[in-house]
Amino acid sequence: MKKFLLLISVCFCITPLLSQVASADNHERESFYLSTTELSVKLGHTQAFMDGVKAVRECYKNAGDDTPWWIWSRIQGPGSVFVVTGNYENWQEFFADDATDESCRSVVQERVVPHLDSTDHQIASFMPDWSSDQPSAASFVVVYYFTVSDFELFEKTVAAIEKGIKGDGGQSANWYYRMGGRDSSNFFVVEPYADAAALDAEDPGVWKRLETAVGKKKAEKLQADFRASVSEWWSYMYALHQDLSYMPESSE
């Protein structure tokens, strides 16, 4: 199941002269693979890119494809960046032949690829033990990325933090482990928000929540261990584009 997100990467690689993706899914709380393709769009090409994606979406609809994918735009940072996300249960599903991919390849190649500067495809594994018990619908997500210097300390500390705040009614979060690749984070956590009002709502933050749950002394120790285990971290906000995403159950 390569789908649109990987298909873009494949088309980009074989047609270089034409150029020069935590999720709003309802997957059950079990481990799965999240595939993301980050697309950097050429300056001044954003509208043409979006029109091209709509053409691809229509192609998938006409083909009767039943597998969804979602498209998000990055709010901060340089350039115009979109991220295509999708999930699959195992590697067999990921690599399975897909007739829709083949039939819509030319639409991707002609209508989307010419508007791209670059693509970056990543695969991550969902970590249910660290994540919220229930999935959350999201129009926005805030994603925190972590490059880890001490994996043993990081994993032990995050497990203790998430255990401490689980079920306290605070902001939900979904953790992922990035599988391979260079110059990218090792882990990232996704905080979903239903709408802009949810972004404006008061949030005590994870450290205050942890202090309430386990006491100040233990919370300070966990915070210190977490910082000691991480060499770098950064964050971005993303907004969901429902008009660009392919959701068969709701597509018109």
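Only loop residues by DSSP count here, and only those with at most 11 other Cβ atoms within 10 Å; note down the trypsin sites (Lys or Arg not before Pro) in the range 98-159 that meet that.
Within the range 98-159, no trypsin sites (Lys or Arg not before Pro) qualify (loop, at most 11 other Cβ atoms within 10 Å).
What lysines sit close enough to K208 to cross-link, taking a C-alpha to C-alpha distance under 22 Å and skipping anything fewer than 8 places away on the same chain?
Counting by Cα, and skipping residues close in sequence, K208 has these lysines nearby: K156, K163, K166, K216, K217, K218, K221.
Shape of the range 30-83 from its Cα gyration tensor (a ≥ b ≥ c, root eigenvalues): rounded if a/c is under 1.5, otherwise prolate when a/b > b/c, or oblate?
Oblate, since a/c reaches 1.5 and b/c is not below a/b.
What FRET efficiency comes out for S40 versus E93 if R0 is 41 angstrom and r is the Cβ-Cβ distance? Round to the nearest 0.05.
Step by step, r from the Cβ atoms, then E = 0.90.
Quote the relative contact order of the range 100-234 in percent (integer), defining contacts as alpha-carbon pairs under 8 Å separated by 6+ residues.
35
Within a Cβ distance under 15 Å of K156, other residues only, what is the Lys/Arg minus Asp/Glu net charge?
Counting the neighbours of K156, the net charge comes to -2.
Stokes-Einstein at 10 °C, 1.306 mPa s, Kirkwood radius from Cα pairs: D for the range 40-165 in µm² s⁻¹?
So the translational diffusion coefficient is about 90 µm²/s.
With all protein chains present, calculate the accessible area of S31 using a 1.4 Å probe and round the result to the nearest 10 Å².
70
Taking only protein heavy atoms into account and a 1.4 Å probe, give the accessible area per residue of the range 160-235 in Å².
Heavy-atom SASA per residue in the range 160-235 reads 60 Å².
For the range 99-183, what are Rg and Dmax over the alpha carbons, in angstrom?
Rg and Dmax of the range 99-183, Cα atoms, are 18.2, 51 Å.
Run the accessible area of the range 75-182 with a 1.4 Å probe and give the carbon-and-sulfur part as a rounded percent.
Within the range 75-182, the accessible surface is 48 percent carbon and sulfur.
Given points 7 Å out from each Cα along the Cα-Cβ axis, report the M247 to Q223 separation in nanometres with one decimal.
Label at M247, label at Q223, 3.7 nm between them.
Just by accessible area at a 1.4 angstrom probe, what is the order of L199, L210 from largest to smallest?
L199, L210
Report the gain in length on full extension from S235 to A196: 0.36 nm times residue separation, minus Cα-Cα distance, nm rounded to one decimal.
That pair, S235 and A196, stretches by 12.3 nm at full extension.
Can you send over the solvent-accessible area of Y193, 1.4 Å probe, protein chains only, in Å² to the nearest 10?
For Y193, solvent-accessible area is about 30 Å².
Which GluC sites (Glu not before Pro) in the range 201-230 pass both tests, a DSSP loop state and at most 12 other beta-carbon atoms within 10 Å?
E202
The values are calculated or read from the model by the stated rules, or taken from the named source; none is laboratory data. Just so it is clear, the model here is predicted, and its values are computed rather than measured. With ideal geometry, Cβ positions are generated from the backbone for all residues, glycine too; neighbour counts draw on all protein chains shown. Note: accessible area is taken over every heavy atom of the protein model, side chains too, but ligands, DNA and RNA are not part of it. Shrake-Rupley method; radii C 1.70, N 1.55, O 1.52, S 1.80 Å.
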